[in-house]
Amino acid sequence: MGREQWKKIWVGSAGNMVEWFDWFVYASFAVYFADSFFPKGNDTANLMNTMGIFAVGFFMRPVGGWLLGRVGDRKGRKAALTLTVTLMSASAVLIAVAPTYAVAGYGGVAVLLIARMLQGLSVGGEYAASATYLTEASAPGRRGFASSFQYVSMTAGQLLGLGLQIVLQRTMSEDALHSWAWRIPFIIGALGAAIVFYLRRNMLETEVYAQDDSAHSDPARGTIKALWAHRREAFLVIALTMGGTVAYYTYTTYLTKYLSGTAGLAKPTASLVSFCALFVFMCIQPLAGRLSDRIGRRPLLITFAVGSTFLTVPIMTLLKHAGSFWPALGLSLLALLVVTGYTSINACVKAELFPTGIRALGVALPYAIANALFGGTAEYVALWFKNGGIESGYYWYVAGCAAVSLIVYVTMRETRTIDLNRVQRAERGGAAFPTQTGPQPAKK
C-alpha cells in the first residue's frame, strides 16, 4: 500500500475510533450511571431502563443511515464522515452535562434520550461512510485488509473506553464513580471528536467516487428509489448482518456485564478480561482481512457462522462458571476468534455488493435496520432472559441468529473479485451493477 492509501485509512479509522469510543462508553459505564437517572430501587430494572435508551440509539440508526448515506452518495464520502463526527461530538457533550434524577427528575432522562438519538443518527451513517471510504480507498487486491481497519478502529475505541474505566476503577472510589466520575469519558469523547473533525475537514476523497461521471448529474443517486433497484442486495445485507451483529455485541459490550453480573467476577476483573480479549481481537482483524483477499470472503463468513451456531451455548455456559480471570479470558478469546470471521470483512463485503452511486446508502440503511432489530436489542434481550430466570435462553437466541446467517453465507456469491471502478447498465430501472472480473493483484 502506498503512503496516500495509508493516510486515507488512518484518517477514516481515527474518526471511527472516536465515534465508537463515545458509542461504547455509554454501554460500559451504564453500570455506574444507571441509578443516576432513575428512582432508587431494582438495580437490574434500572440497568434495563438505561440499556433501553441505549437501544433507542440503534433504532435511530436507520434514519441516520438513510440521511447520511444519501449525503455520502450525493455529496461525497468526506462530507458524510465530517457530518457524522459533528453529531457524535454534540451527543457526547449532552451526556456529559445531563442532570441526574435528583436534580431534574426525568428531565435528565430526556437529555440522555436526545443524546442517544443523535448518537444513533451519527453511527447509522458512520458505519456506511467508513466502510465505503475504506473499501474504495484501497487497492483492488487489498480491500479486505484495508476495510478490516474499521473493526480495528471500532475495537480501539472500545479499548480506550474500557482502559479508562479500569483506570478510574483503580483511582476513584465506588461512590465517586456512581456520583460524577462516569461523566469523564464523555468529556474526553467530545474533545476527541473535535480533533477528528479537523482531520476530516482536510481528508482526501476516494478516487472511485471522484472519478464517477454521474456524481453530480444523476438525480437518483442516494435515493430510496435507486436503492429499491438493488433490493436483493439490500435484503442480503440485512440477513448477513443478523448473526454477526448479535454475536459481536454479545462478546463485546455485554461481556463485561455478563462476567460481573452472572459469572460473579468483580467489576474490575471483568473489565480487565474484556480489555485483554478485545486487544487480541483488534490485532487479528487485519490478518483475517488479508486472508480474505487471498481465499475469498465466503470461507471466513461461513467459518464464523458455523462456529457461532455450535459453540455459543457451550462458551456462554462455561463462562458462567469461569470463576476467575484466566478461564474467563480463554473462553472470551475463543468466542472473539470465531466472531473475527464476520467482523474482519463484513464492511467490504457489503460495499462490494453495490455500485458507486448507491454504495453508501446501500450499506447504511439495510445495515442500520439489521442493527436496530438485532444488535441494539442484544443486551436488552439478554437482560430480559436473565430477569425472567431463563438466562440460558439467550445463548440459544444468539446461536439461532448465526444459523440464519449461515444459510445466507452458503448461498451468496463471492464478492472479492468485483471491480469497483467498472459498472454495467442493467435493464431494471437503469440501475448500475458492478461487473465481476478475475482476481486482481494488489498495486505495488
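Numerical summary
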item	result
Residue that is open to solvent by 30 Å² or more (accessible area, probe 1.4 Å) and touching a residue at least 60 places away in the same chain (Cβ under 8 Å), where the choices are W384, W326	W384
Residues that are open to solvent by 60 Å² or more (accessible area, probe 1.4 Å) and aliphatic (A, V, I, L, M), drawn from region 387-404	I390, V404
Selection within region 307-350 - closer than 15 Å to S274 by Cα and either charged (D, E, K, R) or in contact with a His (Cβ under 7 Å, 6 or more places away or on another chain) (or both)	K320
Test: residue in region 87-101 that is under 22 Å from W10 (Cα atoms), buried (at least 20 other Cβ atoms within 10 Å of the Cβ) and under 17 Å from the mean Cα position of the chain (by Cα)	yes
Positions within region 138-160 being open to solvent by less than 20 Å² (accessible area, probe 1.4 Å), farther than 14 Å from F281 by Cβ and either charged (D, E, K, R) or not in a helix (DSSP H, G or I) (or both), in sequence order	S138, A139, R143
Near pairs, Cβ below 8 angstrom, 6+ apart or cross-chain, from region 259-279 (in a helix (DSSP H, G or I) and modelled with pLDDT under 95) to any residue that is open to solvent by 10 Å² or more (accessible area, probe 1.4 Å) and charged (D, E, K, R)	S260/K267; G261/K386; P268/R170; A270/K257
Checklist (1) over 29 Å from N421 (Cβ atoms); (2) buried (at least 24 other Cβ atoms within 10 Å of the Cβ) applied to Y342, failing item	(1)
Residues satisfying the stated conditions in region 161-203, i.e. open to solvent by 30 Å² or more (accessible area, probe 1.4 Å), in contact (Cβ under 8 Å) with a residue 12 or more places away in the chain and of a type in the set (F, W, Y)	F197
Residue match in region 205-218 (condition: assigned to a helix (DSSP H, G or I) and in contact with a Leu (Cβ under 6 Å, 6 or more places away or on another chain))	yes
Where a residue in region 95-119 is among the β-branched types (V, I, T) and its partner, wherever it lies, is not in a helix (DSSP H, G or I), with Cβ under 6 Å and at least six apart	V109/F37; V111/A98
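Residues are listed down the side, and each one gets a yes or a no for (1) surrounded by fewer than 18 Cβ atoms within 10 Å (Cβ to Cβ); (2) in contact with a strand residue (DSSP E or B) (Cβ under 9 Å, 6 or more places away or on another chain); (3) among the aromatic types (F, W, Y); (4) under 30 Å from M412 (Cα atoms):
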| site | (1), (2), (3), (4) |
| --- | --- |
| T245 | no, no, no, yes |
| Y258 | no, no, yes, no |
| G261 | no, no, no, no |
| S292 | no, no, no, yes |
| T309 | no, no, no, yes |
| L319 | no, no, no, no |
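The values are calculated or read from the model by the stated rules, or taken from the named source; none is laboratory data. All values derive from a computational prediction rather than experimental measurement. Here Cβ is always computed from backbone atoms with ideal geometry, including for glycine, and neighbour counts include all displayed protein chains. Heavy atoms of the whole protein, side chains included, go into the accessibility calculation; ligands, DNA and RNA do not. Shrake-Rupley method; radii C 1.70, N 1.55, O 1.52, S 1.80 Å.
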